[in-house]
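Peer 1: Pasting in a structure now, in structure tokens, and then I'll have a few things to ask.
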Amino acid sequence: MAGDRRGWLPCLLAGAVFVVCMAGTTLPTPLYPLYQEEFGFSELTVTVVYAVYAFGVIGVLLLAGNASDTIGRRPTLGWGLAFAAASAVCFLCADALGWLYAGRLLSGLSAGLFTGAATAYVMELAPPDGAARATLVATAANMGGLGCGPLLAGLLAEYAPEPLLLPFAVHLALVAVSALVLQRLPETVAERRPLRAVRPRKPTLPARVRAVFVPAAVASFVGFALFGVFTSVSPAFLARYLHVDNHAVSGLVVALAFFASTAGQVAAGRVGATRSLPLGCAVLFAGLVLLAAALATDHLVYVVLAALVGGTGQGLAFRAALSAVAAASPPDRRAAVISSLFVVAYTGISIPVIGVGLLADPLGLEGAGIVFIACMLVLAATAGTYLLHRARTRARATP
């Protein structure tokens, strides 16, 4: 038993480093209302500040998506931690809006480097017979870390001094500890090349993958768009319309969506990709309906249910989408196709979020949310209907 624990220790330590990095990307979420009071900016500015993060992630995926395969896992993650530390410093120094943009961009660069590299690293550090458990560790670290960020920031902002400083000081300390841990972990890439060997990747889509990719990409787009809008504007909605001024509560509500996504991804592994993708679309549809009910009735219970149901649907759909796309891709094009899926997913975090911000001024936050939900409902229903039709066609064709 002790030997088994020692065998899993590097994998778990890498997972902990993954948690710390991803927590930093969502740390500002419950603090946006405080920044609005401090700097006096609009809902549109909040959504743009939030979306800058996604642009950073997309930029890394396109320009340096193969970095960890080239220079090694540890150097890549080291750069990711450096960007995370720089992001925390920007928020600690923030006395104007420009610092927030810089902090979010650096956070996106950090997440872009970590998402693929840390997932691969966690799986490579697991014992040889532990692939399934290692996948769970990587999934839990990724989405769980995203959930820990708003929870930590909300608790510190509500119950500790300096709400706009202490969360980032704590995160900076955790990043420093993570850097020390990373130095003690082994490198898993045997043949490393210099940094100049890293080349930009152009998203590619082989013809045979398109029938699978399109509905998977639509479902991923909707799930990430739901997360993007929920995490960027829900604290303001809770404060303005539900009079929930407790930052710990708003942080917890956002965290629930990410924790539910983790549960959805675990469930997708048991249900199977074929059934999980249409099921995920259906659950996402239900989550969007609950979010519409929250906007229409101003009841906190609907917000909580939207977080739980929508997060579960996102987890089901996204893990199934990844599995389906990876299985349909040629081995020599798999990484490029998966990168394309992530580009679509992170576009979902940015463009619809900015759209909500643009509509919030003429329509109000609730009206903008209803327009967003209507658009996402159409996309989720279209993807789910197509997947069900495709499954029935295959079933009839099977003798």
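The values are calculated or read from the model by the stated rules, or taken from the named source; none is laboratory data. Just so it is clear, the model here is predicted, and its values are computed rather than measured. Positions of Cβ are generated from backbone atoms using ideal geometry, with glycine treated the same way; all protein chains shown enter the neighbour counts. Remember, those area values only see protein heavy atoms, side chains included, never the ligands or the DNA or RNA. Shrake-Rupley method; radii C 1.70, N 1.55, O 1.52, S 1.80 Å.
Peer 1: Taking the dipole about the Cα centre of the chain, with the C-beta of Lys and Arg at +1 and of Asp and Glu at -1, give me whichever of A296, L151, F224 is farthest to the positive side.
Peer 2: Result: F224.
Peer 1: Here's something else I'd like to know. Return the calculated 222 nm mean residue ellipticity for the chain, to the nearest 500 deg cm²/dmol, obtained by summing -39500 (n - 2.57) across DSSP H runs with n ≥ 4 and dividing by the residue count. Before the final figure, lay out each step's value.
Peer 2: On the way: 13 runs with 332 residues, N = 399.
The per-residue figure over the chain is -29500 deg cm²/dmol.
Peer 1: For the range 75-151, what is the relative contact order in percent, using Cα pairs closer than 8 Å and at least 6 residues apart in sequence?
Peer 2: Relative contact order, the range 75-151: 28 percent.
Peer 1: Using a probe radius of 1.4 Å on heavy atoms only, what accessible surface per residue do you get for the chain? Whole Å² is fine. Numbers along the way, then the final one.
Peer 2: On the way: 16550 Å² over 399 residues.
The answer is 41 Å² per residue.
Peer 1: Please work out the FRET efficiency for the pair D95 and L358, using the Cβ-Cβ distance as r and a Förster radius of 30 Å; give the result to the nearest 0.05. It would help to have the intermediate numbers written out before the result.
Peer 2: Values: r = 27 Å, r/R0 = 0.89.
The value I calculate is 0.65.
Peer 1: Here's another thing I want to ask about it. Along Cα→Cβ, 7 Å out, is where each label goes; now give me the distance between the ones at A263 and L155 in nm to one decimal.
Peer 2: 1.9 nm
Peer 1: Consider just the alpha-carbon atoms of the range 68-192 and return their Rg together with their Dmax, both in angstrom.
Peer 2: Cα-based Rg and Dmax for the range 68-192 come out at 15.9, 51 Å.
Peer 1: Report relative contact order for the range 66-120 in percent, whole number only (criteria: Cα-Cα under 8 Å, sequence separation at least 6). All intermediate terms of the calculation are to be shown ahead of the outcome.
Peer 2: Numbers: 50 pairs, mean separation 23.8, N = 55.
It comes to 43 percent, rounded to a whole number.
Peer 1: Calculate the FRET efficiency for E37 and L180 from the Cβ-Cβ distance with a Förster distance of 45 Å, rounded to the nearest 0.05.
Peer 2: 0.75
Peer 1: For the range 138-223, state the average projected area of the convex hull of the C-alpha atoms over all orientations, rounded to one decimal in nm².
Peer 2: Working: hull surface 40.4 nm².
One quarter of the hull surface, i.e. the mean projection, equals 10.1 nm².
Peer 1: Quick check: convex hull of the Cα atoms in the range 189-282, volume per residue, rounded to a whole Å³?
Peer 2: Numbers: hull volume 20.1 nm³, N = 94.
Spread over its residues, the Cα hull of the range 189-282 gives 214 Å³ apiece.
Peer 1: I would also like to ask the following. Could you check the simple spin-label distance between E124 and L12, using points 7 Å along Cα→Cβ, in nm with one decimal?
Peer 2: 2.2 nm
Peer 1: At 7 Å along the Cα-to-beta-carbon direction for both Y386 and A296, put a label point, then send me their distance in nm to one decimal.
Peer 2: 2.8 nm
Peer 1: Between A132 and N246, 0.36 nm times their residue separation minus their Cα-Cα distance comes to what?
Peer 2: Details: separation 114, 0.36 × 114 = 41.04 nm, distance 3.89 nm.
Separation in residues times 0.36 nm, less the Cα-Cα distance, equals 37.1 nm.
Peer 1: Would you mind giving the three semi-axes, in whole Å and largest first, of the ellipsoid equivalent to the chain according to its Cα gyration tensor?
Peer 2: Semi-axis lengths for the chain are 30, 28, 19 Å.
Peer 1: Per residue and in cubic angstrom, what volume does the convex hull of the Cα atoms of the range 259-399 have?
Peer 2: Normalising the Cα hull of the range 259-399 by residue number yields 116 Å³.
Peer 1: When the accessible area of the chain is split by element with a 1.4 Å probe, what percent falls to carbon and sulfur? Before the final figure, lay out the partial values.
Peer 2: On the way: 11110 of 16550 Å².
Carbon and sulfur: 67 percent of the exposed surface of the chain.
Peer 1: Another question about this same structure. Given Cα pairs under 8 Å that are at least 6 residues apart, what percent is the relative contact order of the chain? Display every interim value, and only then the final one.
Peer 2: Values: 707 pairs, mean separation 95.6, N = 399.
Computed value for the chain: 24 percent relative contact order.
Peer 1: Picking from A380, G272, Q183, whose Cα lies most toward the positive end of the charge dipole for the chain (charges on Cβ: Lys, Arg +1; Asp, Glu -1)?
Peer 2: The residue sitting most towards the positive pole is G272.
Peer 1: Let me ask something additional. Which value, in debye to the nearest 20, gives the size of the charge dipole of the chain about its Cα centre, when Lys and Arg are +1 and Asp and Glu are -1 at the Cβ?
Peer 2: On the way: 25 positive and 17 negative charges, 423 e Å.
Once rounded to the nearest 20, the dipole reads 2040 debye.
Peer 1: Contour minus end-to-end for E187 and R208, with contour as 0.36 nm per residue of separation and end-to-end as the Cα-Cα distance?
Peer 2: Working: separation 21, 0.36 × 21 = 7.56 nm, distance 3.52 nm.
Roughly 4.0 nm would be gained on extension.
Peer 1: Any idea what log10 I(q)/I(0) is at q = 0.19, 0.21, 0.28 Å⁻¹ for the range 111-185, Debye with uniform C-alpha scatterers and no solvent?
Peer 2: Those come out to -0.91, -1.01, -1.26, one per q.
Peer 1: Also: Using only the alpha carbons of the range 1-138, determine the length spanned along each of the three principal axes and report them from longest to shortest in whole angstroms.
Peer 2: Largest to smallest, the principal-axis extents are 56, 32, 22 Å.
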